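Novice: Dropping the structure in here first, questions after.
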Amino acid sequence: MLAFDYVRAEAAEDAILQAERRAEAKFLGGGTNLVDLMRETIERPRALVDVTALSTEIAETPDGGLLLGGAAKNTAVAEHRVVRERYPLVARAILAGASAQIRNVATVAGNLLQRTRCSYFYDDEGSRCNKRAPGQGCDAIGGFTRIHAILGASPSCVATHSSDFAVALAALDALVHVQGPEGTRVVPLVDFHRLPDDRPDVETVLRAHELITGVELPARSADLPSTYRKVRDRASYAFALVSVAAALRVEDGRVAEARIALGGVAHKPWRAAKAEAALVGGPANEAAFLAAADAELADARPLEGNAFKVPLARRTIAATLGELAGVPA
Ligand SMILES: Cc1cc2nc3c(=O)[nH]c(=O)nc-3n(C[C@H](O)[C@H](O)[C@H](O)COP(=O)(O)OP(=O)(O)OC[C@H]3O[C@@H](n4cnc5c(N)ncnc54)[C@H](O)[C@@H]3O)c2cc1C
Ligand code: SF4
């Protein structure tokens, strides 16, 4: 057991100040990921600044979007009337993850910042991991890679991001509201998480002592037919092998608007911009959906243990778009 300080913040400014005052401090949301990692001594903060008393509000914005407080619980978001009616893929993505008990305590901010489920990352004693110990090497490469990345990986790290919620947010062009010692800023969700490159330990663009205060669902992404489909090894309590968050607007049999993001395939939620570009203006049929998937997956570089993810992602993209367009796959 490693000793650490604990302090509870009542406001964002207070949380930032408390974190600045203490060496190696981390913010604490529901603790469902961070505390597990502390038990395994993968994370070793010397202080925890509890931010669960910060904004839990879910409120419509003046321009018709929706702002989710950083400390809002995953369950509260999934059950919120406006989320269910106007952004149904968000509710579906959250409900596809973890368990009811975990969703009751996990927060909006903590969900985005949960860490990878790469088993070598958790094996502190026996495995080399560049994310845990930069420069050490990566034992996943050449190892057991069923759950690892097929897009955007690097020779340093082939891990995937495990949040379902973040994949839905990527498809919706959600915005992450951030506050830090230098003030506030807004970061598009698609730019918030990083690809591994040669620094897989740096997972987001957050700077020292910056806090996520909220996530904004833009008005322009509302009311589109949308859904979230997750393929996993078990029907519940399992992370995605591949997931697809999609929103589709079809007019006169042609695709007028398409938003697609993939989960389980990369170090960050993967916005499928090539698939979207291939779809818009074309027919809404299965051949077009498969061609769009091929356009995105042409860049896939699977490992020995996860080549199955390429055809799986292809079929899941086509099936999800088919469901939204009313075209059975
Ligand atoms: C058994 C199990 C199964 C799971 N299955 C799934 C699944 O299928 N799909 C899925 O998406 N997730 C799954 N999860 C993960 C779960 O969603 C996350 O553990 C949870 O969302 C993390 O939220 P939290 O509030 O508990 O974060 P914490 O554990 O408190 O924190 C996580 C990280 O966020 C940081 N943090 C917290 N709040 C802030 C803030 N406001 N600003 C800046 N940094 C902050 C912390 O410092 C920490 O680094 C599972 C978890 C478990 C234990
Ligand atoms: S894939 Fe990434 S997280 Fe997994 S062992 Fe390699 S460096 Fe570590």
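Novice: Go through segment 296-313 and count every residue that is touching a helix residue (DSSP H, G or I) at 6+ places or on another chain (Cβ under 6 Å) and either more than 13 Å from residue 264 (Cα to Cα) or part of a loop (DSSP other than H, G, I, E, B) (or both).
Specialist: Within segment 296-313, residues that are touching a helix residue (DSSP H, G or I) at 6+ places or on another chain (Cβ under 6 Å) and either more than 13 Å from residue 264 (Cα to Cα) or part of a loop (DSSP other than H, G, I, E, B) (or both) number 4.
Novice: From the list 107, 61, 56, 116, exactly one residue is within 21 Å of residue 231 (Cβ to Cβ), at pLDDT 95 or above and hydroxyl-bearing (Ser, Thr, Tyr). Which is it?
Specialist: Answer to the selection: 116.
Novice: List every residue pair whose Cβ atoms lie under 7 Å apart, where the two residues are 6 or more positions apart in sequence or sit on different chains, the first residue falls within segment 66-83 and is among the charged types (D, E, K, R), and the second residue, located anywhere, is buried (at least 23 other Cβ atoms within 10 Å of the Cβ).
Specialist: 73/106; 73/107
Novice: Taking the criterion of being under 24 Å from residue 292 (Cα atoms) and touching a residue at least 40 places away in the same chain (Cβ under 8 Å), would at least one residue in segment 209-220 satisfy it?
Specialist: Within segment 209-220, one or more residues are under 24 Å from residue 292 (Cα atoms) and touching a residue at least 40 places away in the same chain (Cβ under 8 Å).
Novice: Something else now. I'm told residue 241 meets every condition in (1) within 17 Å of the chain's Cα centre (by Cα); (2) aliphatic (A, V, I, L, M); (3) more than 16 Å from ligand 2 (Cβ to nearest atom) except one. Can you identify the failing condition by its number?
Specialist: The failed condition is (3).
Novice: All but one of (1) under 20 Å from the mean Cα position of the chain (by Cα); (2) farther than 28 Å from residue 100 by Cβ; (3) without any contact (Cβ under 8 Å) to a residue 60 or more places away in the chain hold for residue 279, so report the exception by its number.
Specialist: Evaluating residue 279 over (1) under 20 Å from the mean Cα position of the chain (by Cα); (2) farther than 28 Å from residue 100 by Cβ; (3) without any contact (Cβ under 8 Å) to a residue 60 or more places away in the chain leaves (1) as the failure.
Novice: I would also like to ask the following. Could you tell me whether residue 160 is surrounded by 24 or more Cβ atoms within 10 Å (Cβ to Cβ) and within 16 Å of ligand 1 (Cβ to nearest atom)?
Specialist: Against the criterion (surrounded by 24 or more Cβ atoms within 10 Å (Cβ to Cβ) and within 16 Å of ligand 1 (Cβ to nearest atom)), residue 160 qualifies.
Novice: Kindly indicate the residue of segment 85-135 that is more than 13 Å from ligand 1 (Cβ to nearest atom) and part of a helix (DSSP H, G or I) and also surrounded by the fewest Cβ atoms within 10 Å (Cβ to Cβ) among those meeting that condition.
Specialist: 85
The values are calculated or read from the model by the stated rules, or taken from the named source; none is laboratory data. Values in this document were obtained by computation on a predicted structure and should not be read as measured data. Here the Cβ is made from the backbone with ideal geometry for all residues, glycine too, and neighbour counts use every protein chain on show.
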